[in-house]
Amino acid sequence: MTMIFGIPVQALLGQLLVGLINGSFYAALSLGLAVIFGLLRIINFAHGALYMLGAFVGYLLLAFAGIGYWPALIVAPLIVGLFGAVLERTMLSRLYKLDHLYSLLFTFGLALFIEGTFRYFYGSSGQPYAVPPSLAGGTNLGFMFLPNYRAWVVVASFAVCIGTWFLIERTKLGSYLRAATENPTLVQAFGVNVPLLLTFTYAFGCALAGFTGILAAPIYQVSPVMGSNIIIIVFAVVVVGGMGSIFGAIATGYLLGLAEGLTKVIYPEASNIVVFVIMAVVLLVRPAGLFGKEA
Amino acid sequence: MHSSQPLLSVRGLNAWYGESHALHGVDLDIWPGETVTLLGRNGVGKTTTLRAIMGIIRKRTGSVAFDGQDVLKLALHRTAHAGIGFVPEERGIFATLTVEENLMLPPAVDRGGMSVEEIYALFPNLLERRSSPGTKLSGGEQQMLAIARILRTGVKLILLDEPTEGLAPVIVQRIGEMLLALKQRGLTVLLVEQNFRFAAKIADRFYVMDHGQVTDSFTTAQLPDRIQSLNRALGV
């Protein structure tokens, strides 16, 4: 068997691939957080719950309406996004004039509320969600067997990340978002409906979380606690990448996923904490994050 | 010489920054096509007057009639659509937007704005540097960009706050020429300017402010007789 530094190449590549798949989820989730934080200056603690909500909407659509994976991949993010829009309009927007701590507490409470509601009805055990038939099976890569669905997750998440980056950096709407991030009052004085832009941005961030959730449903089981399991790591990703940097959120998501995979091969005992060790080191060396602007 | 209706008519305008009462009943009128300059020492409420008309300061009483509409009732993003454009003192060029994105940012609110081609013909520097980040421009170029992007929108009235502040004399002259060109196009301008020698070249009338009120007004023809008292009043 081929070895690099005493590590079997098969195991290394296999774990790097697992890391890439986890990284896809980290990237998409931290991207949503970065989009919301960039314009609203709110740390969306409900992000994990919205991710879980996306998975559950997919599950419920299938169980009660017979709507399968592919339509759900569109419908679930739309429903979660709409839910986010209603939240922003009716509640979150009332907190903008107060200290940011209030909106943080609000989204934290919201996360507990959403999670508690689903735990009441479904307990904390997971519901299975089948891989869509068109993506069943896998491909033998020589060094490992790659389930087709996991390959799809990498592709879909990457496409969504690139699409979001393009929307923000290269379109007219994106220029409104970037300008409003710098100086919302002036952008509104120019005649742009900034309150509506804030609603759209929050809804878009929520829809990203919902999309990631339905993407994750066939891999992890659909469970009320799936959000709180992943969100702590995602917050670490955001801290390492630097708050509010779109590119930073995406790149760091993938990097930390890969770092986690790599640690599983080299020193498996540390794989659960490596993300937090990296976070601590980055905070010591570059407090603004790898891609953040130094204050 | 005036048409019967002022384009902008401000009556008894009061404004507050939090608890601090900054404007104490400002009255002023601007007729279509006029360039009117607000003079006054620092902190007498010139910038505040512009910000209160625009609606950036929300705590206001009194009346601001523009084109027959009471703009005090409008949401901030509706004021621009009523036909008022704002060029802030700090210019407000966005660092994360390119020069061209900065130029295209304010939505057009009416027909009759300058086309992008006209703007680039007037400011070849902006065309040359259209892909650079907005804040990489020099101070003078940023000021021209700040004015140019409002010209695109087709507003009827431009609120222009200290366009010459901190700029070299040759750039100040360039901005003066530009404002004259705007005037020939029939644009109405409310200008805040410390430098009344500069303002004298482009303004039709002047208002002098002190302690959050308009204390004096005169035409440009009357300016020479006022220079001495103005120098005293403005502490130049």
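The values are calculated or read from the model by the stated rules, or taken from the named source; none is laboratory data. Here the structure is a predicted model, which is why all the values come from computation and not from measurement. Please note: Cβ atoms are built from the backbone with ideal geometry, for glycine as well, and neighbour counts cover all protein chains shown. The accessibility values were calculated without ligands, DNA or RNA, using every heavy atom of the protein model including side chains. Shrake-Rupley method; radii C 1.70, N 1.55, O 1.52, S 1.80 Å.
Using a 1.4 angstrom probe on the protein heavy atoms only, could you order B:HIS24, A:HIS100 from most to least accessible area? Kindly include the intermediate steps, with their values, before the conclusion.
Values: B:HIS24 75, A:HIS100 100 Å².
Order by accessible area, largest first: A:HIS100, B:HIS24.
With a point put 7 Å past each Cα toward its Cβ, work out how far A:PHE5 is from B:ASN195 in nm, to one decimal.
Each label point lies 7 Å from its Cα, and together they span 6.3 nm.
Kirkwood Rh, Cα Rg: Rg to Rh for segment B:46-121? Write down the numbers at each step before the final one.
Numbers: Rg = 14.3 Å, Rh = 14.2 Å.
Reported Rg/Rh, Kirkwood definition of Rh: 1.01.
Zone of B:SER131 (label point 7 Å along Cα→Cβ, backbone N under 16 Å): which residues in segment A:144-179?
Within reach of a label on B:SER131: A:170-171.
Using the Cβ atoms and a cut-off under 14 Å, what net charge is assigned to the surroundings of B:THR61, where Lys and Arg are +1 and Asp and Glu are -1? Present the calculation step by step, with values, prior to reporting the outcome.
On the way: positive: B:ARG11, B:ARG58, B:LYS59, B:ARG60, B:LYS73; negative: B:ASP27, B:ASP70.
Result for the local shell: +3.
For the protein assembly as shown, what is the convex hull volume of its Cα atoms per residue in Å³? Please report the intermediate quantities before stating the final value.
Details: hull volume 101.5 nm³, N = 531.
Value for the protein assembly as shown: 191 Å³ per residue.
How big is the equivalent ellipsoid of segment A:12-285 along its three axes, where each semi-axis is √(5λ) from the Cα gyration tensor, reported in whole Å from largest to smallest?
Details: eigenvalues 176, 102, 67 Å².
Rounded to whole Å, the semi-axes are 30, 23, 18.
Please list, ordered by chain and number, the residues whose modelled amide H lies under 5 Å from the amide H of B:VAL208; skip anything fewer than 5 residues away on the same chain.
B:LEU39, B:THR215, B:ASP216, B:SER217
Which percent of the accessible area of segment A:12-285 is formed by carbon and sulfur heavy atoms (probe 1.4 angstrom)?
On the way: 8370 of 11480 Å².
Whole-percent figure for carbon plus sulfur exposure: 73.
Express the Stokes-Einstein translational diffusion coefficient of segment A:153-224 in µm² s⁻¹, to the nearest whole number, given a Kirkwood radius over alpha-carbon pairs, 25 °C and a viscosity of 0.890 mPa s. Present the calculation step by step, with values, prior to reporting the outcome.
On the way: Rh = 13.9 Å.
Rounded, D is 177 µm²/s.
Using only Cα atoms, what is the ratio of the radius of gyration of chain B to 2.2 N^0.38 Å? Spell out each step's value before the answer.
Numbers: Rg = 17.2 Å, N = 236, 2.2 N^0.38 = 17.5 Å.
Its radius of gyration relative to the 2.2 N^0.38 Å reference: 0.98.
How big is the Cα convex hull of segment B:153-236 in projection, averaged over all directions, in nm²? Show your work: numbers first, answer last.
Working: hull surface 25.4 nm².
With the hull built on Cα positions only, its mean projection is 6.3 nm².
For B:LYS46, give me every one of the lysines with a C-alpha distance below 25 angstrom, ignoring sequence neighbours fewer than eight places off in its own chain.
B:LYS59, B:LYS73, B:LYS156, B:LYS183, B:LYS201
Tell me the total accessible area that B and A bury against each other, 1.4 angstrom probe, in square angstrom rounded to 100.
Details: alone 10970 and 14110 Å², together 23360 Å².
Separately minus together, B and A give about 1700 Å² buried.
Using the Cβ atoms and a cut-off under 12 Å, what net charge is assigned to the surroundings of B:ILE119, where Lys and Arg are +1 and Asp and Glu are -1? Working shown, then result.
Details: positive: B:ARG130, B:ARG149, B:ARG152; negative: B:GLU100, B:GLU117, B:GLU118.
It works out to a net charge of 0.
Once you mark the trypsin sites (Lys or Arg not before Pro) that are in a DSSP loop and have at most 14 other Cβ atoms within 10 Å, what is the longest gap between them in chain A?
Working: sites that count: A:ARG41, A:LYS97, A:LYS293.
With a cap of 14 other Cβ atoms within 10 Å, the longest stretch comes to A:98-292.
Which angle between 0 and 90 degrees, to the nearest 10, do you get for helix A:148-170 versus the longest principal axis of chain A when only C-alpha atoms count?
30 degrees
Give me the accessible area per residue for segment A:12-285, probe 1.4 Å, as a whole number in Å². All intermediate terms of the calculation are to be shown ahead of the outcome.
Numbers: 11480 Å² over 274 residues.
With all protein chains present, segment A:12-285 gives 42 Å² per residue.
I need the phi-derived Karplus couplings for segment A:89-106: 6.51 cos²θ - 1.76 cosθ + 1.60, θ = phi - 60°, integer Hz, Gly and Pro marked x.
Coupling constants for segment A:89-106: 4, 8, 10, 4, 5, 6, 9, 4, 6, 8, 4, 4, 4, 5, 6, 5, 5, 4 Hz.
Connecting C-alpha atoms closer than 10 Å in a GNM of chain A, tell me which of A:ALA111, A:ALA28, A:ALA46 has the biggest fluctuation.
A:ALA111
Using the alpha-carbon centroid of each, what span in Å lies between segment A:65-101 and segment B:21-42?
So the two Cα centres are separated by 46 Å.
Each residue of segment B:208-219 in turn: what ³J(HN,Hα) in whole Hz from Karplus with 6.51, -1.76, 1.60 and θ = phi - 60°, glycine and Pro shown as x?
So the Karplus estimates, Gly and Pro as x, are 10, 10, 8, 6, x, 9, 7, 9, 7, 8, 7, 8 Hz.
Looking at segment B:77-116, which residues lose a minimum of 40 Å² of accessible area between their chain alone and all protein chains in place, measuring with a 1.4 Å probe and not counting ligands or nucleic acids?
Buried on complex formation: B:HIS77, B:PHE94, B:THR96, B:GLU101, B:LEU105, B:PRO107.
Hey, quick one: spin label on B:ALA168, modelled 7 Å out along Cα-Cβ, who in segment B:139-158 has an amide N within reach, i.e. under 13 Å?
Label zone hits: B:139-141.
Roughly what angle does helix A:226-241 make with the longest principal axis of chain A, taking Cα atoms, 0 to 90 degrees, to the nearest 10?
80 degrees
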